[in-house]
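The values are calculated or read from the model by the stated rules, or taken from the named source; none is laboratory data. Given the structure is predicted, the values throughout are model-derived calculations rather than measurements. Cβ sites come from the backbone with ideal geometry, for glycine too, and all protein chains shown count toward neighbours. Quick note on the areas: whole protein, heavy atoms, side chains included, nothing else; ligands and nucleic acids left out. Shrake-Rupley method; radii C 1.70, N 1.55, O 1.52, S 1.80 Å.
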Amino acid sequence: MSTKSPQTLQWQALSGDHHLAPFSDYRQLKEKGPRIITEAQGVHLWDSEGHKILDGMAGLWCVAVGYGREELVQAAAAQMRELPYYNLFFQTAHPPALELAQAVVQVAPDGMSHVFFTGSGSEGNDTVLRLVRHYWALQGKPGKKTIIGRVNGYHGSTVAGASLGGMSGMHEQGDLPIPGIAHIPQPYWFGEGGDMSPDEFGLWAANQLEEKILELGEDQVAAFIAEPIQGAGGVIIPPDSYWPRIKEILAKYDILFVADEVICGFGRTGEWFGSDYYQLKPDLMTIAKGLTSGYVPMGGVIVRDRIAKVISEGGDFNHGFTYSGHPVAAAVGLANLRLLHEEKIIERVRSETAPYLQKRLRELEDHPLVGEVRGLGMLGAIELVKDKATRERYEGRGVGMVCRQFCFDNGLIMRAVGDTMIIAPPLVMTEADVDELVSKARLCLDLTLNAING
């Protein structure tokens, strides 16, 4: 007999009867029933059974300023009263979108002073594909269409976004990728570096870009798209040698560079963008998530001036979305950026919170189940292994999912990517919150080790 409350059971029944959830095994979900989240404040959530949970994933990498920020609620309410919706089509605009564009540009890398708004990061990457190909056509090079991404990169789940990404499980459903997209290996030293040192592997992985350009032909390659740090792929932080070599290759060839900043943007690395941290100079940057701290859906593409000039002089750009630059989302985005500035949240991440989080996380390296702990800014990954020396996994045991369940059961949200546990907590975490996260993570590692050896 279930010990769940009648209200929880009712909501779970609604889920099974009517709701098709994202990235879910529906049979399994109906048998088990989803956890019903009902409240949130700061860095914590509460479910319908009253359990308090530390959100180690900031929702889906997005709740930068924490839950329950009345400033964002008020911004949305005020905008709804004044102008709840209007579109940006047909030579029309509204103040919130224009003011947010200015605010985004003020924190963007130099030479990037134009923004195209979308409803999500996935839509942003669809826009990237259209912009890149349109740009080259306007330049008299319509054959430059192929975009190179990375195996296990993530760029959304629309047809174009999933194609640009390199996740095989997504490609297997829907005959993806679409034509004109290629992939190169990821810079995942722990999982794929073999006997090479991290720097050797970083150079090898970067050189795959040049090899692919030469294989396809420079006259056929339009752009290279990559996350500064792969997020959904397992918080894969490239070896130190990787990005310097990538920059050399990009400078050598006539192709565009797209930095997908959906996860790294708006402070997660301790800089405004991951491109700032790695001193990248992208031609286009996809943004979303932290732009509104997830309070309202919104995304976009920041475009380098020389690209925007060609596009703006090329006549109609036949692309857009009903909710591009939605006034309520834009108002929330403005209020969110204001909080990041006024409370010096990113500066505090860089100088205080992130160093403390990374120091505490590294203490987990002594655990028998942990093969590596890596992290940067407010991102972290814990690799679960059978043998620390050889990096051998518990093949077929689903150790990551075992650990994730223990996390759920003990008041911590930590995501499993295979047998890699990852975190991306809200930027407003305190040292006490970090202590809680690490303490609960160690408990769950202990429980996982006992379960797989029991």
Criterion (touching a strand residue (DSSP E or B) at 6+ places or on another chain (Cβ under 8 Å) and within 18 Å of Gly299 (Cβ to Cβ)) met by exactly one of Val43, Val65, Val105: Val105
Residue in segment 187-200 that is part of a helix (DSSP H, G or I) and of a type in the set (Ser, Thr, Tyr) present: no
First in segment 409-424 and of a type in the set (Ser, Thr, Tyr), second anywhere and open to solvent by 40 Å² or more (accessible area, probe 1.4 Å) and assigned to a loop (DSSP other than H, G, I, E, B), Cβ under 7 Å, 6 or more apart: none
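This table checks each residue for (1) modelled with pLDDT of 95 or more; (2) within 13 Å of Ile225 (Cα to Cα).
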site: Val159; (1), (2): yes, no
site: Leu164; (1), (2): yes, yes
site: Gln173; (1), (2): no, no
site: Pro177; (1), (2): yes, no
site: Ala182; (1), (2): yes, yes
site: Pro187; (1), (2): yes, no
site: Gly191; (1), (2): yes, no
site: Pro198; (1), (2): yes, no
site: Phe201; (1), (2): yes, no
Residue pairs meeting the criteria (Cβ under 7 Å; at least 6 apart or on separate chains; first at positive phi, in segment 61-83; second at pLDDT 95 or above and of a type in the set (Lys, Arg)): Trp61/Lys289
Unmet requirement for Gly411, which otherwise passes all of (1) in contact with a His (Cβ under 8 Å, 6 or more places away or on another chain); (2) modelled with pLDDT under 95: (2)
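Considering only segment 347-394, state which residues are in a strand (DSSP E or B) and either surrounded by 21 or more Cβ atoms within 10 Å (Cβ to Cβ) or in contact (Cβ under 8 Å) with a residue 40 or more places away in the chain (or both). First the steps, then the outcome.
Within segment 347-394, the subset in a strand (DSSP E or B) is 370-376, 379-384, 387, 392.
Selection gives Val370, Gly371, Glu372, Arg374, Gly375, Leu376, Leu379, Gly380, Ala381, Ile382, Glu383, Leu384.
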All positions within segment 37-51 that are open to solvent by 20 Å² or more (accessible area, probe 1.4 Å), in a loop (DSSP other than H, G, I, E, B) and in contact (Cβ under 8 Å) with a residue 12 or more places away in the chain: Ser48, Glu49, His51
Qualifying residues in segment 289-307 (those that are open to solvent by less than 30 Å² (accessible area, probe 1.4 Å), under 22 Å from Ala329 (Cβ atoms) and aliphatic (A, V, I, L, M)) - the one nearest to the chain's Cα centre (by Cα): Leu291
Given (1) surrounded by fewer than 24 Cβ atoms within 10 Å (Cβ to Cβ); (2) among the charged types (D, E, K, R); (3) over 21 Å from Gly202 (Cβ atoms), number of the condition Glu271 does not satisfy: (3)
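Check Val402, Val438, Val434 and return the single one that is in contact with an Asp or Glu (Cβ under 8 Å, 6 or more places away or on another chain), assigned to a helix (DSSP H, G or I) and more than 26 Å from Gly194 (Cβ to Cβ). Quick ask: steps written out before the conclusion?
Details: Val402 fails: in contact with an Asp or Glu (Cβ under 8 Å, 6 or more places away or on another chain); Val434 fails: in contact with an Asp or Glu (Cβ under 8 Å, 6 or more places away or on another chain).
One residue alone meets the criteria, Val438.
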